[in-house]
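Heads up: the structure comes next, in structure tokens.
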Amino acid sequence: AISNIYLINTNGNIIIAVPDEMQGYRSSPVWSPQGDWIVFEAKMDGNYDIYLIRSDGSGLINVTQSVSDEHAPVWRVVMP
């Protein structure tokens, strides 16, 4: 199955999507506290890994690359 994550503005125009070249199942998107990143899980190579992408659709980063499934990404705010 293939799924995608979209950011859609109030008039219905799609602003960004996780890049289409990233084939596989993507889910559980979570905005960063500052709103500049989105973290999500994706099943690309047989297991789920965690990915980051900037809110403008650039800068895709594969955060985890293990043989185990990683699910339910969250942000943690560390107070000084």
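Here are some notes:
- Single unsatisfied condition, residue 9 versus (1) open to solvent by 30 Å² or more (accessible area, probe 1.4 Å); (2) more than 10 Å from the chain's Cα centre (by Cα); (3) touching a residue at least 24 places away in the same chain (Cβ under 8 Å): (3)
- Within the stretch 56-78, residues that are of a type in the set (Val, Ile, Thr) have Cβ atoms under 7 Å from residues that are modelled with pLDDT of 85 or more and not in a loop (DSSP other than H, G, I, E, B) in these pairs: 61/51; 61/52; 63/50; 63/51; 63/52; 64/49; 64/50; 74/30, counting only partners at least 6 apart in sequence or on another chain.
- Residue 24 meets all of the listed conditions (1) surrounded by 11 or more Cβ atoms within 10 Å (Cβ to Cβ); (2) at pLDDT 85 or above but one, namely (2).
- Where residue 53 falls short, out of the listed (1) under 11 Å from the mean Cα position of the chain (by Cα); (2) in a loop (DSSP other than H, G, I, E, B): (2)
- Any hit, the stretch 41-60, residues being touching an Asp or Glu at 6+ places or on another chain (Cβ under 7 Å), loosely packed, with under 13 Cβ neighbours inside 10 Å and modelled with pLDDT under 85: no
- Within the stretch 56-69, the set of residues being closer than 12 Å to residue 39 by Cα and either touching a Gly at 6+ places or on another chain (Cβ under 8 Å) or in a loop (DSSP other than H, G, I, E, B) (or both) comprises 57, 59, 60, 63, 64.
The values are calculated or read from the model by the stated rules, or taken from the named source; none is laboratory data. Quick caveat, the model's predicted, so the values are computed rather than measured. Positions of Cβ are backbone-derived with ideal geometry, glycine not excepted, and every protein chain shown enters the neighbour counts. These area figures cover heavy atoms from the full protein model, side chains too; ligands, DNA and RNA do not enter into them. Shrake-Rupley method; radii C 1.70, N 1.55, O 1.52, S 1.80 Å.
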